[in-house]
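Trainee: Can you keep this structure in mind? I'll have questions shortly.
The values are calculated or read from the model by the stated rules, or taken from the named source; none is laboratory data. All figures in this text were calculated on a predicted structure; none of them were measured in a lab. Cβ atoms come from the backbone with ideal geometry, glycine included; neighbour counts cover every protein chain shown.
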Amino acid sequence: MKNLIIYFSSTGNSFFAAKYLTEHLENCIAVSITKIEPSMEISTYTSIGFIFPTYFFSIPKFFSQSIKKLNLNKDTYFYGITTCNGFSGNTGYQLKMLLENKGCNLSFFRILSMPGNNIIEYAPPTNEIINKKIIDSKKKLSGIVPMINNRDIEEIKKKYHFISTIFFNVMYSSQDKWNKKFYVNSKCSSCGLCENICQFNNIVNDNGQPRWRGRCEHCVACIQLCPNQAIEYGKRTTKRNRYMNPQILAKDLM
């Protein structure tokens, strides 16, 4: 079986899951969805997994839009995994419908509880909780490997459709304003990591200082991975610790 994992990760949680599967499945590679061009030949893979974080109880808008552009083979075995801090909303059914609209089927879907990383809304958990969630996620991933190898199929039902749709629409309605609250404090060393880490080319170096230019996807990688904790978002993040999956390096996410 020729395995492909298409993922998105900003602080390492989804990459952690993708990396685990590539290490435990034969003939498997993982590629960030931000690096896949529509012309990329992926229809030859016999198995494709989609791994992504839950955004606003839904699939991130950019992830859905990218799937719509992919050239998929209806005979491919598809599965999905979402990483989230708690509530995953209707993500499984959303992925199922995205694939069915392309003539493909989603065979199974799993929710992987990981440490929360949305620093704009809340502080990261304690190290004890972080370590426990990572251990638990490894156990769950170990059970997913034989499902992929055996090409298991499970029913995927619609869940929390109304609340997921409403929350998604409300949050994305202000997307054009997401850039306006970013700024750097006096700790900024002009290292340029934030520009390199942004997978949406939203940050540019302006006389040694980062400038956000209107293409933010709310991934919070720039805030979380800044080595000096120099990036802030309004007043919400000033006293909050940062988070990156402790088993992933920043260079893995570039």
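Trainee: Counting just the residues of the stretch 227-254 that are touching a strand residue (DSSP E or B) at 6+ places or on another chain (Cβ under 9 Å), crowded, with 17+ Cβ neighbours inside 10 Å and not polar (S, T, N, Q), which one comes out nearest to P115 (Cα to Cα)?
Mentor: L253
Trainee: Further question on the same structure: Can you name the number of the only condition in (1) surrounded by 13 or more Cβ atoms within 10 Å (Cβ to Cβ); (2) in a loop (DSSP other than H, G, I, E, B) that F168 fails?
Mentor: (2)
Trainee: Next question. Find the residue count for the stretch 215-240, including only residues that are more than 20 Å from the chain's Cα centre (by Cα) and either part of a loop (DSSP other than H, G, I, E, B) or β-branched (V, I, T) (or both).
Mentor: Counting residues in the stretch 215-240 that are more than 20 Å from the chain's Cα centre (by Cα) and either part of a loop (DSSP other than H, G, I, E, B) or β-branched (V, I, T) (or both) gives 12.
Trainee: Next up: I'm told G12 meets every condition in (1) at pLDDT below 95; (2) within 16 Å of Q199 (Cβ to Cβ) except one. Can you identify the failing condition by its number?
Mentor: (1)
Trainee: Mind checking which residues of the stretch 171-188 are assigned to a loop (DSSP other than H, G, I, E, B) and in contact with a Pro (Cβ under 8 Å, 6 or more places away or on another chain)? Spell out the reasoning first.
Mentor: Going residue by residue through the stretch 171-188, those that are assigned to a loop (DSSP other than H, G, I, E, B) are 173-174, 185-188.
Listed by number, the list holds a single entry, C188.
Trainee: Another one. Can you list the strands (runs of 3 or more DSSP E) lying wholly within the stretch 1-111 that have 3 or more residues being in contact with a strand residue (DSSP E or B) (Cβ under 8 Å, 6 or more places away or on another chain) and within 21 Å of E154 (Cα to Cα)?
Mentor: On the way: elements: 3-7, 28-32, 47-53, 77-84.
Of the strands (runs of 3 or more DSSP E) lying wholly inside the stretch 1-111, those with at least 3 residues that are in contact with a strand residue (DSSP E or B) (Cβ under 8 Å, 6 or more places away or on another chain) and within 21 Å of E154 (Cα to Cα) span 3-7, 47-53, 77-84.
Trainee: I want to confirm something. Restricting to the stretch 6-39 and keeping residues that are of a type in the set (V, I, T) and closer than 24 Å to P124 by Cβ, which single residue is surrounded by the fewest Cβ atoms within 10 Å (Cβ to Cβ)?
Mentor: Applying the first criterion (of a type in the set (V, I, T)) to the stretch 6-39 yields 6, 11, 22, 29, 31, 33-34, 36.
Retained after the next criterion (residues that are closer than 24 Å to P124 by Cβ): 11, 34.
Numbers: T11: 29, T34: 17.
Top of the filtered list is T34.
Trainee: Any chance the stretch 149-159 includes a residue that's modelled with pLDDT of 95 or more and part of a helix (DSSP H, G or I)?
Mentor: yes
Trainee: Additional query: C194: in contact with a Ser or Thr (Cβ under 6 Å, 6 or more places away or on another chain) and either free of Cβ contacts under 8 Å to residues at least 60 places away in the same chain or not in a helix (DSSP H, G or I) (or both), yes or no?
Mentor: Values: in contact with a Ser or Thr (Cβ under 6 Å, 6 or more places away or on another chain): no; either free of Cβ contacts under 8 Å to residues at least 60 places away in the same chain or not in a helix (DSSP H, G or I) (or both): yes.
No, not satisfied.
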